[in-house]
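These notes are about the structure you will find just below.
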Amino acid sequence: MSNKHLFLIPGFIRTPLQNGVGRYVGQLQRVVLKFCKNNGSSRGMREFIESGLVNFANENPGVVVYLKPRRHRTAVIKAEYLNGDSQWINCRNFTQEEVLKWLILLKSQSKNATGTRIKKLWHTDHPSIQGPWTPYTFRDPELNLVEFPNDILSKPAIMERSSQDELIELFNNKKIEELESKRAE
Amino acid sequence: MSVLKRVQQWATFARIWHVYDAAWQNPFQSAELLKKYLMGMYKPIYHPSNDCGDHVIVINSAEIALPGDEWKKRVYFHHTGYPGGATWTLAWDLHSKDPTMVPAVYNSMDGNLKRRYTMERLHIFPDSNVPKDLMANVSNQIRQIRPMPKRLDHYPEQQVKEFPKVIDYPKDYVVR
């Protein structure tokens with residue numbers, strides 16, 4: 001019924017209480033790392049906990065880190081901010097570097113900003129130099145000369161290699177090998 | 001609006017005609033694909049209240065391929081509004097009577113208030129015979145989802161003979 005899911009929520013960039021002008025207070029309050037004890041999709045999370053987690057906790061004394069090992073659930077980071085916002089990041093099949101990167105991002109945020117379109121404080125009468133989008137902007141100019149309907153353009157874009165194609169290639173390679181061995185003789 | 005801005009407006013909101021070959025394609029998957037073009041969802045200027053849908057011409061709709069048992073089991077319901085006016089038509093029956101009828105696109109837009117007039121922009125033809133003035137408008141071809149297999153008798157004879165064989169029938173084998 002509603003189309004709200006199609007659009008981002010517009011908002012200006014704001015910091016709580018002029019954070020950073022005088023002192024800087026990290027806005028991330030707590031972080032819960034939930035992971036499965038033996039499922040393969042939590043492997044990266046488990047590796048991060050073994051190697052990089054203690055460093056992260058020591059470097060950020062203002063953030064409380066909780067660990068929640070639970071079985072048969074995907075790895076998840078749940079972050080809560082000082083303004084009460086919470087953010088949930090699915091870490092299925094992440095590497096330990098990816099987990100660290102997301103934690104560093106969360107540390108630098110002051111609220112959950114997913115789905116926000118940043119409104120600008122500037123205005124311009126000429127928002128586009130090259131011209132606004134038209135349906136012909138990113139079109140291949142070869143399409144101008146094509147007669148429709150076209151068989152080649154109709155074919156699917158991604159064609160997986162079938163086993164038949166591989167067999168033909170093997171056969172052709174074998175033929176070439178035989179020819180070369182004959183010539184060598 | 002100045003002349004230049006009027007032309008820019010005309011260019012950005014231009015309605016494009018696409019053509020799609022439905023032969024050997026799954027109509028339900030195709031419907032999801034065509035829906036995007038009919039509603040204008042692929043355009044960066046899209047907005048639900050902005051009438052930016054494109055026209056789509058579908059050809060070879062008589063050769064669509066429904067998956068699995070759908071031909072036998074999919075049933076389309078229609079009620080005339082009068083008492084006793086409920087009919088249940090099977091997909092094969094409906095298609096044999098009218099090969100341009102596959103309610104897949106209509107049903108994929110269920111819940112969308114703009115469905116009725118978006119569907120008016122979809123032109124379906126059972127084969128490749130499209131009126132010339134419609135075909136002249138077309139400026140884009142939408143790629144198919146499934147590859148179309150080629151019949152053995154459509155291949156050139158030379159290629160069939162030269163094709164690598166793993167094994168061959170014995171000479172006295174009777175091929176039924």
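General observations
- Number of residues in the stretch A:79-91 that are at negative phi and exposed (fewer than 14 other Cβ atoms within 10 Å of the Cβ) equals 4.
- Selected residue [polar (S, T, N, Q) and either crowded, with 16+ Cβ neighbours inside 10 Å or within 17 Å of the chain's Cα centre (by Cα) (or both)] from B:50, B:26: B:26
- The residues on offer are A:101, A:78, A:68, and the sole one that is farther than 21 Å from residue A:25 by Cα and charged (D, E, K, R) is A:68.
- Considering the stretch B:29-47, the residues that are in contact with a helix residue (DSSP H, G or I) (Cβ under 8 Å, 6 or more places away or on another chain), within 11 Å of chain A (Cβ to nearest Cβ) and of a type outside the set (A, V, I, L, M) include one that is surrounded by the fewest Cβ atoms within 10 Å (Cβ to Cβ), namely B:42.
- Residue satisfying condition, being charged (D, E, K, R), assigned to a helix (DSSP H, G or I) and more than 14 Å from every other protein chain (Cβ to nearest Cβ), within set B:93, B:133, B:172, B:168: B:93
- Cβ-Cβ under 7 Å pairs, at least 6 apart or on other chains, the stretch A:147-176 side within 7 Å of chain B (Cβ to nearest Cβ), far side assigned to a helix (DSSP H, G or I) and at pLDDT 85 or above: A:148/B:135
- Residues satisfying the stated conditions in the stretch B:133-173, i.e. surrounded by 12 or more Cβ atoms within 10 Å (Cβ to Cβ) and polar (S, T, N, Q): B:137, B:139, B:140, B:141, B:144
- When the strands (runs of 3 or more DSSP E) confined to the stretch B:7-79 are screened for residues that are more than 27 Å from residue B:130 (Cβ to Cβ), those reaching at least 2 such residues are found at B:75-79.
- Candidates A:104, A:118, A:152, A:129: the one that is among the aliphatic types (A, V, I, L, M) and under 29 Å from residue A:50 (Cα atoms) is A:104.
- Residue list for the stretch A:31-51, filter: within 21 Å of the chain's Cα centre (by Cα) and crowded, with 17+ Cβ neighbours inside 10 Å: A:31, A:33, A:34, A:35, A:42, A:43, A:44, A:45, A:46, A:48
- Per the listing A:54, A:64, A:99, A:76, the residue uniquely loosely packed, with under 12 Cβ neighbours inside 10 Å, modelled with pLDDT of 95 or more and of a type in the set (Val, Ile, Thr) is A:54.
- Residues that are within 12 Å of chain A (Cβ to nearest Cβ) and either surrounded by fewer than 17 Cβ atoms within 10 Å (Cβ to Cβ) or β-branched (Val, Ile, Thr) (or both) within the stretch B:108-130 comprise B:110, B:111, B:112, B:113, B:114, B:127, B:128, B:129, B:130, listed in sequence order.
- Entry remark, the stretch A:33-46: residues being of a type in the set (D, E, K, R) and within 23 Å of residue A:80 (Cα to Cα) number 2 in total.
The values are calculated or read from the model by the stated rules, or taken from the named source; none is laboratory data. Source: prediction; values computed, not measured. Cβ sites come from the backbone with ideal geometry, for glycine too, and all protein chains shown count toward neighbours.
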